[in-house]
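Participant: Starting off with a structure, shown below.
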Amino acid sequence: MKRVALGIVVFGLLAATAYGLLRRPAERPLAVYAARAQKTAFVREVSADGYLKAERLRLAFPRPGRVVEVPHRAGDRVRRGEILARLDDAEARRQLALAEARLGAFQEEERAQNAGQKARIDRLLAQRAELEKKLALTRALFAAGAASREALQEAEDALAENARALAEARAEARRQAGQAAARRAELKAAVAEAREALARTRLRAPADGTLESLPFRPGELARGEAVLVVAGSLRPYARFPETEAGALRPGLHARIELSAEPDRPLADRVERVLPPERAQDTAWVPVIFAPLPEGRGAPGLSLTAYVEVERIENAVVVPLEALVEENGRVYLWTIREGRAHRVEVRKRSQNLKVAAVEGIAPGTPVVRLPPEDLKEGTPLAPTFEEAHGGGR
């Protein structure tokens, strides 16, 4: 009896062991990170480091002289035409006064000469009118037999002499006018030169801007150059790797982050894309952006430029790490009814964070960083992370 009871116990233990080995274990959901596909604007950017560059004008006196006035100093904002420094101009003023006096005297002499010539010509013209009348009367009398041929010849000779005198007077007037014009031009050029010489004793700002340096001191000889940073010329400059610069072109939207103000990015645009600069095996594409608003940054300040090279409105985007690429095809692991389902999609574009895809609907849950051994139908326990948006 004991043997039978022992057998029953052993049989029960063996049966329980076999059941435990043969029973299919309950499926435990696989923990994964997930996100939902979003419908938003997809943006792709390329970026590069650079600095702020401004147009600098170097200004100097064209000839030596002693400085007598410096109404500004480095750091001052100046307007176009303002005097930055002035040299002793006593000799320049004297030369200008002398040149103007010579021109004035000549112009008075020319007016008198012109008046004399006009009076002479007017007299000859009046005389011609009288001589023409006399000749007409003499011809009538000669025809009637009341005047001799000698009288007629004398009247004709007198009119001819008047014509020669009038022609000579007019020729002389033209000759003197030509000489006067040449002399007048010479004297006016002397006045202009004297005025220019006087102007050269004043160093003026050729444009609105800020004085970066002003080395002149009253009482000293003018040496060195003033440097003017032209207002409105401060613009970002950056060099992009040639491999990333293929889509760059003027007019593209850009975002500029200044190193001194990283939390206040500036909206800008590409103004010029310059030819590549090659250094050994590397090529860089310099890009100049539109000028920045007044008061933002200073020449030499470092920056990062982000240029928007692609934008897709109303795109369906997913995190970049959700994509699985095999044999030239792109897949996503979606979550449906708590299980994994692989879906083939078409990738339209991607940036550093997200990809724009076709083939799934907005709101579809997708697995981020899917395990390599993930299988169709695997139960999943997703943890959803923050929204990813259109990225950059």
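Participant: For region 296-318, check the following and say yes or no: at least one residue is within 28 Å of Lys39 (Cβ to Cβ), exposed (fewer than 15 other Cβ atoms within 10 Å of the Cβ), within 16 Å of the chain's Cα centre (by Cα) and charged (D, E, K, R).
Facilitator: no
Participant: For region 268-284, enumerate the residues that are touching a Lys or Arg at 6+ places or on another chain (Cβ under 8 Å) and either within 11 Å of Arg235 (Cα to Cα) or at pLDDT 95 or above (or both). Steps first, answer last, please.
Facilitator: Narrowing region 268-284 to residues touching a Lys or Arg at 6+ places or on another chain (Cβ under 8 Å): 268, 270-271, 273, 277, 284.
Within region 268-284, Asp268, Val270, Glu271, Val273 qualify.
Participant: Continuing with this model, one more query. What number goes with the only condition from (1) acidic (Asp, Glu); (2) under 13 Å from Ser47 (Cβ atoms); (3) under 20 Å from the mean Cα position of the chain (by Cα) that Glu244 does not pass?
Facilitator: Every listed condition holds for Glu244 apart from (3).
Participant: Which one of Ala199, Ala180, Ala165 is buried (at least 16 other Cβ atoms within 10 Å of the Cβ) and out of contact with any Phe, Trp or Tyr (no Cβ under 9 Å at 6 or more places or on another chain)? Full working, then the answer.
Facilitator: Values: Ala199 fails: buried (at least 16 other Cβ atoms within 10 Å of the Cβ); Ala180 fails: out of contact with any Phe, Trp or Tyr (no Cβ under 9 Å at 6 or more places or on another chain).
On inspection, the qualifying residue turns out to be Ala165.
Participant: Quick one: how many residues across region 258-268 are surrounded by 14 or more Cβ atoms within 10 Å (Cβ to Cβ) and farther than 11 Å from Gly297 by Cβ?
Facilitator: Of region 258-268, the ones surrounded by 14 or more Cβ atoms within 10 Å (Cβ to Cβ) are 258, 261, 265-266, 268.
Next, from what is left, pick out any that are farther than 11 Å from Gly297 by Cβ: 265, 268.
Residues flagged as surrounded by 14 or more Cβ atoms within 10 Å (Cβ to Cβ) and farther than 11 Å from Gly297 by Cβ within region 258-268 amount to 2.
Participant: Can you name every residue in region 36-70 that is crowded, with 16+ Cβ neighbours inside 10 Å, among the small types (Gly, Ala, Ser) and under 35 Å from the mean Cα position of the chain (by Cα)?
Facilitator: Selection gives Ser47, Ala48, Gly50, Ala54.
Participant: Tell me which residues, restricted to region 52-79, are at pLDDT 95 or above, of a type in the set (Lys, Arg) and under 14 Å from Ala199 (Cα atoms).
Facilitator: none
Participant: Could I ask something else about it? Looking only at residues in region 73-93 that are basic (Lys, Arg) and surrounded by 12 or more Cβ atoms within 10 Å (Cβ to Cβ), which one is nearest to Leu203 (Cα to Cα)? If you could, list the steps in order and put the result at the bottom.
Facilitator: Kept after step one, since they are basic (Lys, Arg), are these residues of region 73-93: 73, 77, 79-80, 86, 93.
If we keep only those that are surrounded by 12 or more Cβ atoms within 10 Å (Cβ to Cβ) as well, we get 77, 80, 86, 93.
Details: Arg77: 15, Arg80: 11, Arg86: 6, Arg93: 16 Å.
For region 73-93, the residue satisfying everything is Arg86.
Listed here are the residues, each with its yes/no results for (1) closer than 30 Å to Ala74 by Cβ; (2) among the acidic types (Asp, Glu); (3) in contact (Cβ under 8 Å) with a residue 24 or more places away in the chain.
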| position | (1), (2), (3) |
| --- | --- |
| Glu110 | no, yes, yes |
| Leu141 | no, no, no |
| Ala144 | no, no, no |
| Glu150 | no, yes, no |
| Leu211 | yes, no, yes |
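Participant: Out of all the residues in region 318-331, is one or more assigned to a strand (DSSP E or B), of a type in the set (Lys, Arg) and free of Cβ contacts under 8 Å to residues at least 60 places away in the same chain? Outline the logic, then answer.
Facilitator: The initial filter retains those residues of region 318-331 that are assigned to a strand (DSSP E or B), namely 318-319, 323-326, 329-331.
This time we only want the ones that are of a type in the set (Lys, Arg), so: 329.
Next, from what is left, pick out any that are free of Cβ contacts under 8 Å to residues at least 60 places away in the same chain: 329.
Yes, the conditions are met somewhere in region 318-331.
Participant: Check whether at least one residue in region 341-360 is assigned to a loop (DSSP other than H, G, I, E, B), out of contact with any Leu (no Cβ under 9 Å at 6 or more places or on another chain) and over 25 Å from Glu308 (Cβ atoms), and report yes or no. Outline the logic, then answer.
Facilitator: As a first pass, look at region 341-360 and keep what is assigned to a loop (DSSP other than H, G, I, E, B): 351-353, 359-360.
Among the residues that remain, those that are also out of contact with any Leu (no Cβ under 9 Å at 6 or more places or on another chain) are: none.
No, because not a single residue in region 341-360 is assigned to a loop (DSSP other than H, G, I, E, B), out of contact with any Leu (no Cβ under 9 Å at 6 or more places or on another chain) and over 25 Å from Glu308 (Cβ atoms).
Participant: Of all residues in region 101-153, how many are exposed (fewer than 15 other Cβ atoms within 10 Å of the Cβ) and not in a helix (DSSP H, G or I)?
Facilitator: Of the residues in that region, 3 qualify.
Participant: Follow-up. Select from region 234-276 the residues that are in contact (Cβ under 8 Å) with a residue 60 or more places away in the chain and assigned to a strand (DSSP E or B) and list them in ascending order.
Facilitator: Going through region 234-276, the residues in contact (Cβ under 8 Å) with a residue 60 or more places away in the chain turn out to be 234-241, 244-245, 247-248, 255, 258.
The answer is Arg235, Pro236, Tyr237, Ala238, Arg239, Phe240, Pro241, Arg255, Leu258.
The values are calculated or read from the model by the stated rules, or taken from the named source; none is laboratory data. From a predicted model like this one, the values you see are computed outputs, not experimental measurements. Virtual Cβ from ideal backbone geometry, glycine too; neighbours counted across all protein chains shown.
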